[in-house]
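Have a look at the structure below before the remarks.
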Amino acid sequence: MGLDIIVGIKWVPNTTSVNIDPKTGTLIREGIPSVVNPHDLTAVEMALRLKDKYGGTVTAISMAPPSAISGLEHVIGMGVDRGILASDRAFAGADTLATSYVLAKVIEKIEKYDLVIMGHETIDSSTAHIGAQVASWLKLPYIYYATDIEYEENKESIKVKRILENAYEIYRIKLPAVVSIAMHTFEPRRIKVSNKLKAKLENVIEIWTSKDLNLDINCAGLRGSPTVVSAIDFVPKVPRKNLIFQEKDPKKAAKWLIEKLLEEGLIDP
Ligand SMILES: Cc1cc2nc3c(=O)[nH]c(=O)nc-3n(C[C@H](O)[C@H](O)[C@H](O)COP(=O)(O)OP(=O)(O)OC[C@H]3O[C@@H](n4cnc5c(N)ncnc54)[C@H](O)[C@@H]3O)c2cc1C
């Protein structure tokens, strides 16, 4: 029977090409191309590996402006079967609570699913809130930092390996569940042109607006966002000491380096 999997992907500004205005110290956002959040490609790769092994379907979902269609086309190029974009002016200005609310409503509407997979975090906001919040809206179990998932069809559960600082933990979780994948777990596969053509020719991407979803509009977008951003776009000033030690003897140089790091409180005695 396989697993029906939903993967959350976010369309983010490609921060590797972000420049800072030297006068104002603020980010120059104009003309910055967007990409699929790189950690979400890892999540897509996990979903596709599960599909390769056990069969089933993979649906990618995103809440974003219409330009994010390109992101959905990208993951369909990797092998995802279907894309759903939740896009509506009413969703603009959403904090993580309002974003996760809309994503949960999209997932509810999809109805037939076993597993929701999210990336570790995004490269633009990096809160890592969304997986836990979506699970909470849907009242589903949630596990994060996963590096491997095995499907136990007879038990309607998954075995999840998750990484900690110096250990692995193994969990068995009843399906349906939400799992976030630890960053850099897999190298995402390349896209196939034939798959991308499918996205164009077979209408496998749908756009859902607030009218398509059974939601309380007061919980979406800016209206549903309790977070207040008090300041944005400042570049923290990091004072540099520029200490250079020219000792040639490696033992003395190492001793000096350790002393300096201890002085700065950067390592424990
Ligand atoms: C007051 C306020 C206003 C904001 N207004 C805007 C705005 O107008 N436009 C805007 O783009 N951002 C806006 N943001 C930022 C936005 O709320 C977050 O980017 C968003 O909620 C996701 O949080 P994150 O990027 O930290 O995701 P994380 O929690 O770090 O993401 C974890 C994982 O969740 C999934 N995920 C995250 N976001 C999405 C998504 N949108 N669709 C599908 N899957 C997703 C991915 O798998 C991702 O790897 C605003 C934030 C605040 C506080």
*When the distances between all Cα atoms of the range 38-128 are binned every 5 Å from zero, what whole-number percent does each bin get?*
3, 12, 23, 27, 23, 10, 3, 1
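For Thr127 and Glu187, what does the FRET efficiency come to when R0 = 25 Å and r is the distance between their Cβ atoms, rounded to the nearest 0.05? Provide the component values of the computation, followed by the final result.
Details: r = 25 Å, r/R0 = 1.01.
Step by step, r from the Cβ atoms, then E = 0.50.
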*Run the 1.4 Å probe and let me know the accessible area of Glu153, rounded to the nearest 10 Å².*
90 Å²
*Once label points are set 7 Å from the Cα along Cα→Cβ at both Lys139 and Lys200, what is their separation, rounded to one decimal in nm?*
4.6 nm
*Report the dimensions of the range 136-248 along its three principal axes from the alpha-carbon atoms, largest first, rounded to Å.*
64, 42, 38
*asked:* What distance in nm lies between label points placed 7 Å from Cα along the C-beta direction at Ser70 and Arg240?
replied: 3.4 nm
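With the contact rule set at Cα under 8 Å and sequence spacing of 6 or more, what percent relative contact order holds for the range 63-123?
Answer for the range 63-123 is 31 percent.
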*Once you have the Kirkwood Rh of the range 71-179 from its Cα pairs, apply Stokes-Einstein at 25 °C and 0.890 mPa s and quote D in µm²/s.*
160 µm²/s
_C-alpha long axis of helix 69-78 to longest principal axis of the chain, angle in °_ = 90 degrees
*Met63 long-range amide H proximity, modeled H, under 5 Å*: Ala86
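Which of the peptides 65-73, 168-176, 219-227 is most tightly packed, and how do the rest follow, going by the mean number of other Cβ atoms within 10 Å of each residue? Could the numbers behind the result be given before it?
Working: 65-73: 18.2, 168-176: 14.3, 219-227: 16.0.
Sorting 65-73, 168-176, 219-227 by mean packing, highest first, produces 65-73, 219-227, 168-176.
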*Approximate spin-label separation Asp52-Ser230, in nm, with each point projected 7 Å along Cα-to-Cβ*: 4.9 nm
*Take Arg223, project a point 7 Å from its Cα along the Cβ direction, then tell me which residues of the range 56-89 have their backbone nitrogen under 15 Å from it.*
88-89
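Per residue, how much accessible area does the range 3-224 show when a 1.4 Å probe rolls over the protein heavy atoms, in square angstrom?
On the way: 11250 Å² over 222 residues.
So the range 3-224 comes to 51 Å² accessible per residue, rounded to a whole number.
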*Folded to 0 to 90 degrees: helix 96-110 orientation relative to the chain principal axis, Cα*: 30 degrees
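For Tyr171 and Ile258, FRET efficiency with R0 = 30 Å and r from the beta-carbon atoms, rounded to 0.05? Please report the intermediate quantities before stating the final value.
On the way: r = 40 Å, r/R0 = 1.32.
Computed FRET efficiency for Ile258 and Tyr171: 0.15.
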*Leaving out ligands, DNA and RNA, what percent of the accessible area of the chain is carbon and sulfur, probe 1.4 Å?*
54 percent
*Using heavy-atom solvent-accessible surface (probe 1.4 Å) with all chains present, what is the largest-first order of Ser194, Ser230?*
Ser230, Ser194
*Length-normalised contact order of the chain in % [C-alpha pairs under 8 Å, at least 6 apart]*: 23 percent
*Hey, if we sort Leu262, Leu3 by accessible area with the 1.4 Å probe, largest down, what's the order?*
Leu262, Leu3
*Where Rh is the Kirkwood radius over Cα pairs, Rg/Rh for the chain*: 1.06
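The values are calculated or read from the model by the stated rules, or taken from the named source; none is laboratory data. Worth saying up front: this structure is predicted, and the values here are computed from it rather than measured. Positions of Cβ are backbone-derived with ideal geometry, glycine not excepted, and every protein chain shown enters the neighbour counts. Protein only, heavy atoms only, side chains kept; ligands, DNA and RNA dropped before computing areas. Shrake-Rupley method; radii C 1.70, N 1.55, O 1.52, S 1.80 Å.
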